[in-house]
Each structure stands twice: as C-alpha cells, then as structure tokens.
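Worksheet for the structure shown next.
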Protein chains: 2
Amino acid sequence: MTKGALPGLTLCNNATLRRAGRKLGRFYDDVLAPSGLKGTQYGLLYQIHIGSEPAMGAIAEALIMDLSALGHTLKPLIRDGYVETFADKDDRRVKRVRLTPQGGLKLDEATKLWTIAQQRFEAMLGKDQAAKLRAALDEIATLDFDMPPAR
Amino acid sequence: MTKGALPGLTLCNNATLRRAGRKLGRFYDDVLAPSGLKGTQYGLLYQIHIGSEPAMGAIAEALIMDLSALGHTLKPLIRDGYVETFADKDDRRVKRVRLTPQGGLKLDEATKLWTIAQQRFEAMLGKDQAAKLRAALDEIATLDFDMPPAR
DNA sequence: CGGAAAAAGTGGCATATGCCACTAATTGAA
DNA sequence: TTCAATTAGTGGCATATGCCACTTTTTCCG
C-alpha cells in the first residue's frame, strides 16, 4: 500500500511543489553528499561563480530569496572557506561575494556529482519532461503576484 | 533590468524547483497571513483533517517528509491548540494526530484564504498549466530514486 | 519463553528561509 | 551644505527540514 496514488493535497499547487521539492532535494543532497555540500549550497556556489563578484542583493534577486536568508545561508560557506566577501569600492553599503580558490575546487568537485544527479533524474523523468518542468517553474519565478494590495 | 530572463542555474532541476518554491511559498504565505498560518501549516492541518486520526508516520509518508521534521513542524500547531496527539490503542509506539475543534475552525478560516491564493495563482499561470505542473510534480514525488546503491 | 531485530517516535544539532527592527552609507532635495 | 528618504546588510527570532543517536514497544525466532 506504500506504493500507488498520493493521498490528499494533490490540489494545492504550493503543497505539491513543496512535497516534490523535499523529495528532489533529498535526492540531490544524497548524490552531492560525498562533496560535503547540500544541494542548496551547491546552487549558491554556482550562482556566485557565474556572477562577477556579485553583490549580496544581486544574488538574492537572482535566487529569489530574502536578503537576510542569503546572509544566513552564506555563513557556513564562509566559515568553511569556500566563499569570501569584500566591500564594494564605490559604495561601501554593498558587500560583494566571490569564491575562494578552495571554493572553486569544491565547486568543480561537486559539479561532477551534480552531473550524476542531474542525469539520473532526467533519465527517470525524461529529458523533455524535465525541460518542460523547469520552463514552467521559471515561469512561476517570473510571475508578478502584486495586483490586489494595490500600492 | 530587474525584469527579464532569470540568470544562472536555469539548468539545475533542483535549484529551479527550490527557487519557484520560495516564490510560490511566499505568495501563499502572504495570502494566508490573516489566518496566522503559514502555507506549510495549512497543508499539514489539511492533511491531518482528511486522514482518520492518522499516525505520525502515515502523515510523514503522505507528505514525503522526515518523521522527525514532521514532529518539529507539529509543535507550534500543538502549542497553539490546533492539533492534539494521542497514543494508538493497539500499539503504544504509534502516536495518532487529530485536529482540535479550534483547529477545525482555523482550517475552515484558512481555507477561504487558500482558495483565494489558489484562484489567483491559477488565473495567472492558467488552470491547465497549473494542473499539468501538479501532475509533473506528483510524478517526481512518486519516483523511485534507489537503483545505484543497489541493496 | 527470552533475547535479537524491527518499527515508531523523540531530542539535539545544523542548514534553509522569512520577517522585522536596526545600523551604516548614499542620494536628494530645500 | 544639511537633513530627511532610500538602499544594502545584519542580528534576532521563528518555522521548515534532515540526519543521527537513543528509548520504548512490538514482532520474530530459536
């Protein structure tokens, strides 16, 4: 009976998304485990890597996450020496972020594992399905939920 | 420049799912805010509601979440008097969960708000798109990620 | 029957995320 | 120039989730 239809809340978009997120997150986490990074941390390192010494705010915006949440999530990575921050030359309010050499190596190491997870997942769901899913998710990410409260 | 294409990690299924999850989660949380419940808590109350005094393990399985995580998430709901637990008559290891009368009322109240969130979201993404998305997400939720480690 | 193994939760520890109240640095007028 | 808004982050507090080490019950055998 453990197999079969999923009971309940199959109607709530939010709950369904969260549930799938827990499942997929654990999978990526498991595969990335040998590197010592969680899926979230891998994504964050990658985002920093592809940016040009991005400011905290720029990262938060790209990842659609709260600025303070980003700050918290960054701490273990800084503590472990994968990331470092420095003040922007022209605006001292701005704090920029970059990978340390160690962080770069760790990212490379983790990318090998990530590729495995990515391939295994896409082999199961289907490359097309996965691409369509990401497209739909990206669409949600760009939606503008602001009409009612007016302004 | 704030608008436009999403930079980076649009390739990682996990990162994309998490990002959309943060966005959608905040939307549902905002709409549910007047009830004092978060989207996660609403989903949990609902899951308990549709079950027959479900055991912790049953809930965790349905929501695909860690049993201990469920225990932690349940605490604030118990503290606030929306949920109560009791030992199973036949197996004292099992702890069953049910809504209190207050919890039932709160669920009804929150459901009105949830309906608004759900409708607003589906109006933006499209009912079809939303249904397809949930189907895809449910498929992920049922995938069996266990081959490599063999057994 | 009696002890090993399995099943269901709990507690502690760590990361992931958000919101709110603040602080510091800039920008914009008057 | 000077002081009120705005912008970028930080810290504290609370929930969301996981994993691991245990404790308590049951179940299973020999």
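If you go through the stretch A:36-50 and keep only what is away from DNA strand C (no atom under 12 Å from the Cβ) and touching a residue at least 40 places away in the same chain (Cβ under 8 Å), you end up with A:TYR46, A:ILE48, A:HIS49.
Among the residues of the stretch A:119-139, those that are within 7 Å of another protein chain (Cβ to nearest Cβ) and within 21 Å of A:TYR42 (Cα to Cα) comprise A:PHE121, A:ALA130, A:LEU133, A:ARG134, A:LEU137, A:ASP138. The residue that is farthest from A:THR40 (Cα to Cα), counting only those in the stretch A:55-70 that are near DNA strand D (Cβ under 6 Å from one of its atoms), among the small types (Gly, Ala, Ser) and surrounded by fewer than 16 Cβ atoms within 10 Å (Cβ to Cβ), is A:GLY57. On the basis of being over 30 Å from A:GLY126 (Cβ atoms), free of Cβ contacts under 8 Å to residues at least 24 places away in the same chain, more than 11 Å from chain A (Cβ to nearest Cβ) and among the charged types (D, E, K, R), does B:ARG96 make the cut? Here the answer is no, as B:ARG96 does not meet what is asked. In the stretch B:54-66, the residues that are closer than 18 Å to B:LYS89 by Cβ never reach a residue that is within 11 Å of DNA strand D (Cβ to nearest atom) and aromatic (Phe, Trp, Tyr) with C-beta atoms less than 7 angstrom apart, at least six apart or across chains.
One residue is enough: does the stretch B:92-113 have a residue meeting the conditions modelled with pLDDT under 95, buried (at least 18 other Cβ atoms within 10 Å of the Cβ) and closer than 28 Å to A:PHE27 by Cβ?
Within the stretch B:92-113, the first condition is being modelled with pLDDT under 95, and the residues that meet it are none.
The answer is no; no qualifying residue exists.
Per this entry, A:LEU37 is not counted among residues that are within 25 Å of B:LYS23 (Cβ to Cβ), of a type in the set (A, V, I, L, M, F, W, C) and assigned to a helix (DSSP H, G or I). I'm checking my understanding of the structure. Among residues of the stretch B:26-37 that are more than 9 Å from chain A (Cβ to nearest Cβ) and surrounded by fewer than 17 Cβ atoms within 10 Å (Cβ to Cβ), which one is farthest from DNA strand D (Cβ to nearest atom)? Within the stretch B:26-37, the match that is farthest from DNA strand D (Cβ to nearest atom) is B:PRO34.
Within the bounds of the stretch B:73-87, is there any residue that is within 11 Å of DNA strand D (Cβ to nearest atom), touching a strand residue (DSSP E or B) at 6+ places or on another chain (Cβ under 9 Å) and not in a helix (DSSP H, G or I)?
The answer is yes, given that some residue of the stretch B:73-87 is within 11 Å of DNA strand D (Cβ to nearest atom), touching a strand residue (DSSP E or B) at 6+ places or on another chain (Cβ under 9 Å) and not in a helix (DSSP H, G or I).
In this structure, B:ASP146 does satisfy being within 11 Å of chain A (Cβ to nearest Cβ), in a loop (DSSP other than H, G, I, E, B) and surrounded by fewer than 14 Cβ atoms within 10 Å (Cβ to Cβ).
The values are calculated or read from the model by the stated rules, or taken from the named source; none is laboratory data. The structure displayed is predicted, hence computed values, not measured ones. With ideal geometry, Cβ positions are generated from the backbone for all residues, glycine too; neighbour counts draw on all protein chains shown.
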